[in-house]
Amino acid sequence: MRAADPQTLFFLMGPTGAGKTAAALALATQVPIEIISVDSAQVYRGLDIGTAKPTSAERNAVPHWLIDLLDPAQAYSAARFAVDAQAAIEAILARGRIPLLVGGTMLYARALVSGLDDLPSADPSLRAQLEAQALTHGWPAMHERLADLDPASAARLSPTDSQRIQRALEVVLLTGTPLSALQHQQRAPARPACFISLEPQDRSWLHQRLEQRFSTMVAAGLLDEVRALRQRADLHPNLPSIRSVGYRQAWAHLDGDGDLGLMHDRAVAATRQLAKRQLTWLRSIPQRIIVPCDAEQATPLAVATIRKAIGA
């Protein structure tokens, strides 16, 4: 077996529900890999069912990194991910094993490969002010405010995308410069990276899979998991952890906002939107290696493709 190029970052990416974990675990039976999670929700302890987090048995069988790092009351960032992932890569290589970055949080992948724009750190006081204003006026009104200050950012954001609207307003209010302008500043050269991308040939296949997947999560106890989180006085719906797809809709349902059917429909719609954004980002990488995740024998095909890419 020829060792992977230690300078190249190897990613197994794809939209949520594409089968990334199954492919990575199957690969681990043939190649000495360790898995670095590229997932902004799996970093939180206690968010297990709704994040499709690898089971304890799977994590015992194959070393996983960057899972269960934080309490849900804490915040994580792409910048911290880049630091943590690099440390994991170095530790894995030092043991003569191959790091494989697996997940669907595209901003984290970009942070590791290309670095981040020179943006200000979060300002808790300003964020609290923006959240209070949104509580009074609603996020669509905050979106209109953003359209006055940063039209380019507003144009690419949904009026209900509270997290990104808040960040864009925060940046322009702190710096006096629109986020869209700062994001176009020149970055350092990108690191060499190989992206293996699990993508459906038929979008309806993924939609059906995501609907079934959420139903399975509910049956497995997602609502009980969210109830346990709600019992904590320090957790609330505006935290990044609770904003995660599935958790946000389950929390709203437990708050009395809609019945189980409405929660299901909202969560599935949000998951589909997430998958759409992930696919859009992946398609911006023309050199990616595509594996059809809805093909017969998709997992063996993905394993063979990854093995060829890393030279194993």
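Values quoted throughout were computed directly from the atomic coordinates according to the rules given, and no laboratory measurement underlies them. Source: prediction; values computed, not measured. Quick reminder, even Gly has a Cβ in these numbers, built from the backbone with ideal geometry, and neighbours come from all protein chains shown.
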Out of the trypsin sites (Lys or Arg not before Pro) in segment 195-251, which ones are loop residues according to DSSP with at most 16 other C-beta atoms within 10 Å?
Arg232, Arg243
Output needed: percent of Cα pairs per 5 Å distance bin for segment 124-182, bins running from 0 to the one holding the longest distance.
4, 22, 35, 25, 12, 1
At q = 0.17 Å⁻¹, base-10 log of I(q)/I(0) for segment 139-240 (Debye sum, equal scatterers on each alpha carbon):
-1.02
Between Ser125 and Arg227, take the C-beta separation as r, use R0 = 35 Å, and let me know the FRET efficiency to the nearest 0.05.
0.65
Hey, got the Cα dimensions of segment 1-123 along the principal axes, in Å, largest first?
48, 33, 25
How far apart, in nm, are two points set 7 Å out from the Cα along the Cα-to-Cβ line at Glu144 and at Arg277?
2.4 nm
Sites matching GluC sites (Glu not before Pro) across segment 207-312 that sit in DSSP coil, with at most 10 neighbouring C-beta atoms within 10 Å
Glu296
Inter-probe distance in nm under a simple model that places probes 7 Å from Cα toward Cβ, at Ala94 and Gln30
3.1 nm
222 nm mean residue ellipticity, helices alone, for the chain (DSSP H n ≥ 4; -39,500 (n - 2.57); rounded to 500)
-15500 deg cm²/dmol
Under the rule of at least 5 residues apart or a separate chain, name every residue whose amide H is placed under 5 Å from the amide H of Leu198.
Met13, Gly14, Val291
Let me know the Rg and Dmax you get for segment 165-312 when you use only its Cα atoms, in Å.
19.7, 53
Let me spell out the model: positive unit charges on the Cβ of Lys and Arg, negative unit charges on the Cβ of Asp and Glu, origin at the Cα centre of the chain. What dipole size does that give, in debye rounded to 20?
780 debye
Considering only Ala190, Met217, Gln30, whose Cα is most displaced toward the positive end of the charge dipole of the chain, charges sitting on Cβ of Lys, Arg (+1) and Asp, Glu (-1)?
Gln30
Towards the positive end of the charge dipole of segment 78-151, with charges on Cβ (+1 Lys, Arg; -1 Asp, Glu), say which of Leu146, Ala94, Ala109 has the farthest Cα.
Ala94
What is the dipole size for segment 37-111, taken about its Cα centre, with +1 at each Lys and Arg Cβ and -1 at each Asp and Glu Cβ, in debye to the nearest 20?
160 debye
Contact order relative to length of segment 124-182, as percent, for alpha carbon pairs under 8 angstrom and 6 or more apart
31 percent
Debye, to nearest 20: dipole size of segment 124-182, +1 on Lys, Arg Cβ, -1 on Asp, Glu Cβ
120 debye
The long-range amide H neighbours of Glu34, using H built 1.01 Å from N in the peptide plane and a cut-off of under 5 Å, are Ile98, Leu100
Can you list the residues, at least 5 places off or on another chain, whose amide H is less than 5 Å from the amide H of Ala193, using H built in the peptide plane?
Leu9
Farthest towards the positive end of the dipole of the chain, among Gly261, Ala75, Thr136 and with Cβ unit charges of +1 on Lys and Arg and -1 on Asp and Glu, lies the Cα of Ala75
